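Please treat every number below as a calculation from the coordinates, not as lab data. Just so you know, these numbers come straight off a predicted model, no measurement behind them. Cβ placement follows ideal geometry from the backbone for every residue including glycine, while neighbour counts extend to all protein chains displayed.
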């Protein structure tokens, strides 16, 4: 989007994913000269140095915590920003949901890249009437796509690993914190530090004092929360920071409509997860804590450009509204105000 809008650009990929960064470098160096597009690698110190520069615009993808750092640095140069952040994207499974379809889409959206995507379903509210069937269906779907045992899940090339040791420890500690505070591990929980492997983990009986209910999980943990009263679920969502995505599964359009109209989120997926990110004609972005601005397609072009107004006078009569403000001029002004208003 930045290049399409006519900019030169500096790209700073994450130091946590050097292989992906190298792919970006190879593509950029083949396609552009360094004065147009340059990839710069490095740690947080390099990022801080870049943020001190007077860019026209900064586009950042990452956590809300680092997003605040980026925004603070940009403010010193009055640089505009687009922030793609994250948060705890909730999922609601209604009493009339297609359970098999819900399980299939939620398992894919949650465990793709080992849960390390900003729009992964963070946790699922499931209506009591379909809770048992949903849990069974999710377990069956995990077994179908990744394997029924940790050994099978380790062996399949389709199941990823946690990006590094620090985040492996963070996710493992989330599971242990929930376990020690009374949560039930329905499936998974097995880990292997030598591979940064964490099995697909389903957790129930969660409480507000657990870390998994307080911070973005960004890993292969899926808390399943049973509900009866949808109003209480909506109140819970609205009491927390606005999420980047919200997912709804139910056959009833009115069920989805009341959730959409009574909550605020970057985007909503009805009977699907994650796919809205891929749609070229939809804006992708968050609200407040989950992001500022939007990207993709036309919205990305606008994010990296300025719509500059240019007006040329040819046959204007605006001079008739200039002082001195005679009675005729005042009447003319009143007419113009009424017409334009």
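Numerical summary
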quantity	calculated
Computed over region 120-193, the ratio Rg/Rh where both radii use C-alpha atoms and Rh is Kirkwood	0.98
Reciprocal mean inverse distance between Cα atoms of region 1-41 - Kirkwood radius, Å	10.5
Contour minus Cα-Cα distance for residue 31 and residue 310 (0.36 nm per residue)	97.1 nm
Packing-based ranking, highest mean first, of 279-290, 307-318 given that Cβ atoms within 10 Å are counted	279-290, 307-318
Residue 228 versus residue 262: modelled label distance in nm, points set 7 Å from Cα along the beta carbon direction	1.7
Label point distance in nm, residue 272-residue 185, each placed 7 Å from Cα along Cα→Cβ	3.5
Where N is the number of residues in the chain, Cα Rg divided by 2.2 N^0.38 Å	1.24
Angle in degrees between helix 165-180 and the longest Cα principal axis of the chain, rounded to the nearest 10	60
Whole-number Å³ per residue for the convex hull built on Cα positions in region 90-278	109
Contour excess over end-to-end distance, with Cα ends at residue 149 and residue 321 and 0.36 nm allotted per residue	53.9 nm
Folded to 0 to 90 degrees: helix 253-262 orientation relative to the chain principal axis, Cα	60
Sites residue 78 and residue 215 - FRET efficiency at Förster radius 41 Å, r taken between beta-carbons, to 0.05	0.80
The chain: relative contact order as a whole-number percent, Cα under 8 Å and 6+ apart	19
Theoretical ellipticity at 222 nm over the chain - DSSP helices of four or more residues, -39500 (n - 2.57) apiece, nearest 500	-11500 deg cm²/dmol
Antiparallel DSSP beta bridges within the chain, percent to nearest 5	25
Top of 321, 272, 174 by mean-square fluctuation, Gaussian network on the chain, Cα under 10 Å	321
Between 0 and 90°, nearest 10: helix 18-31 axis offset from the chain longest Cα axis	40
Extension gain from residue 22 to residue 41, taking 0.36 nm per residue of separation minus the Cα-Cα distance	5.9 nm
Region 256-318: Cα Rg divided by the 2.2 N^0.38 Å rule of thumb	1.68
Cα centroid separation, region 272-298 to region 1-48 (Å)	22
In nm, spacing of pseudo-spin labels at residue 4 and residue 251 (7 Å Cα→C-beta vector)	3.9
Peptides 144-151, 295-302, 221-228 ordered by average Cβ neighbours within 10 Å, highest first	221-228, 295-302, 144-151
Length-normalised contact order of region 194-258 in % [C-alpha pairs under 8 Å, at least 6 apart]	26
DSSP bridge orientation in region 90-278 - percent antiparallel, rounded to nearest 5	25
